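Report on one structure; see the data block that follows.
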Amino acid sequence: MLLPDILHVLAVNFALCVLGFVVCWAIAVAIRDPTFVDSVWALGMGGLAVATYLQAFGYRPRQYLLVGLCGAWALRLGLHLFLRWRSHGPDRRYVRMMEKAKAERGWGYAQASLRMVFLLQAPLMWIVSLPVQLGQVDCTPARIGPLAWTGAALAAFGIGFETLADAQVTRFRADPANRGQVLDRGLWCWSQHPNYFGDIATWVGLYLIAAETMSGLWALPGPLLLIFILTRWSGGATYERRLAKTRPGYDDYQRRTSALIPWPPKSGGVG
């Protein structure tokens with residue numbers, strides 16, 4: 001595709017992001033709970049992959065690979081987060097956020113949820129999903145090469161790894177005997193955030209698929225932003241401090257367990 005056509009696809013996708021989150025904001029104000037935005041984030045990136053497929057005329061096998069893998073990731077994670085919300089109710093992060101905005105700034109719920117939750121969602125999701133957008137717009141090379149197959153394998157591994165990590169934490173939380181305890185078994189013995197590691201592996205893999213094309217090379221800000229979000233912004237950093245205060249032994253768990261990349265625990269770890 002020519003540059004103006006690529007820019008048109010990106011602009012349409014960005015407009016879809018904005019429209020989608022405006023609707024979600026209105027729903028959140030009506031129900032007084034923005035927690036569902038986490039599931040929308042995942043499903044929305046799958047939606048952008050499909051929207052790009054419907055607009056672009058790149059090399060079809062590469063498009064199928066990107067849409068298929070992104071769709072599998074989005075449906076699995078989106079459904080998982082949606083069911084968790086329906087089961088556990090409002091996320092305490094958002095509850096505290098709204099209460100703090102009202103107490104310290106005098107903002108109403110609509111203003112607080114817009115500024116503190118929804119305002120940045122559209123641009124962030126649009127940037128993170130660049131691999132499944134820019135990776136679909138080029139017809140060349142008309143083949144799936146070694147780099148893309150490597151990316152596909154990494155993305156598939158990431159989806160499976162994250163799925164297993166989420167299943168283990170769900171099972172752990174469902175057992176009343178584990179209340180107040182630290183999950184240090186299974187994948188969580190090897191990484192403090194195996195679900196985030198799976199997420200990152202998936203999107204780095206999708207970038208490698210896209211990177212076989214000239215346009216896809218420019219999608220690098222996507223996985224880089226995702227890594228920053230998960231490791232330094234709204235991911236583990238938002239609840240590690242709370243767990244250190246409320247879970248006995250969490251400090252020790254952090255000392256013996258890799259922060260992100262799975263690695264055998266230091267002496268004292270539990271298998």
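Couple of notes before you dig in:
- Residue match in region 120-136 (condition: at pLDDT below 95 and out of contact with any Cys (no Cβ under 9 Å at 6 or more places or on another chain)): yes
- Listed by first and then second residue, the pairs linking a residue in region 87-103 that is without any contact (Cβ under 8 Å) to a residue 24 or more places away in the chain to a residue that is among the charged types (D, E, K, R) and surrounded by fewer than 16 Cβ atoms within 10 Å (Cβ to Cβ), with Cβ atoms under 8 Å apart and 6 or more places separating them unless they lie on different chains, are 101/115.
- The residue pairs whose first member lies in region 169-197 and is under 13 Å from residue 243 (Cβ atoms), whose second member is assigned to a loop (DSSP other than H, G, I, E, B) and β-branched (Val, Ile, Thr), and whose beta carbons are closer than 8 Å, counting only pairs six or more residues apart or on different chains, are 184/257; 184/270; 188/257; 192/257.
- The residue of region 121-141 that is farthest from the chain's Cα centre (by Cα), among those that are surrounded by 17 or more Cβ atoms within 10 Å (Cβ to Cβ) and assigned to a loop (DSSP other than H, G, I, E, B), is 138.
- Residue in region 58-69 that is farther than 30 Å from residue 112 by Cβ, buried (at least 17 other Cβ atoms within 10 Å of the Cβ) and at pLDDT below 95 present: yes
- Scanning region 15-40 for residues that are of a type outside the set (A, V, I, L, M) and over 20 Å from the mean Cα position of the chain (by Cα) returns a single hit, 32.
- If you go through region 239-270 and keep only what is among the basic types (Lys, Arg) and either surrounded by 15 or more Cβ atoms within 10 Å (Cβ to Cβ) or modelled with pLDDT of 75 or more (or both), you end up with 255, 256, 266.
- Hits in region 166-192 - residues which are surrounded by fewer than 19 Cβ atoms within 10 Å (Cβ to Cβ), assigned to a helix (DSSP H, G or I) and not charged (D, E, K, R): 167, 168, 169, 170, 172, 174, 176, 177, 178, 186
- Against the test of being in contact with a Gly (Cβ under 9 Å, 6 or more places away or on another chain), at pLDDT 95 or above, on the phi < 0 side of the Ramachandran plot and part of a loop (DSSP other than H, G, I, E, B), the options 162, 212 yield a single qualifying residue, 212.
- Counted as qualifying within region 24-120 are the helices (runs of 4 or more DSSP H) with 1 or more residues that are within 30 Å of residue 211 (Cβ to Cβ), namely 37-55, 60-88.
- Qualifying residue in region 4-21 (condition: at pLDDT below 95, in a loop (DSSP other than H, G, I, E, B) and more than 17 Å from residue 126 (Cα to Cα)): no
- Qualifying residue in region 193-206 (condition: buried (at least 17 other Cβ atoms within 10 Å of the Cβ) and farther than 30 Å from residue 61 by Cα): yes
The values are calculated or read from the model by the stated rules, or taken from the named source; none is laboratory data. As the structure is a computational prediction, the values presented were derived from the model and not from experiment. With ideal geometry, Cβ positions are generated from the backbone for all residues, glycine too; neighbour counts draw on all protein chains shown.
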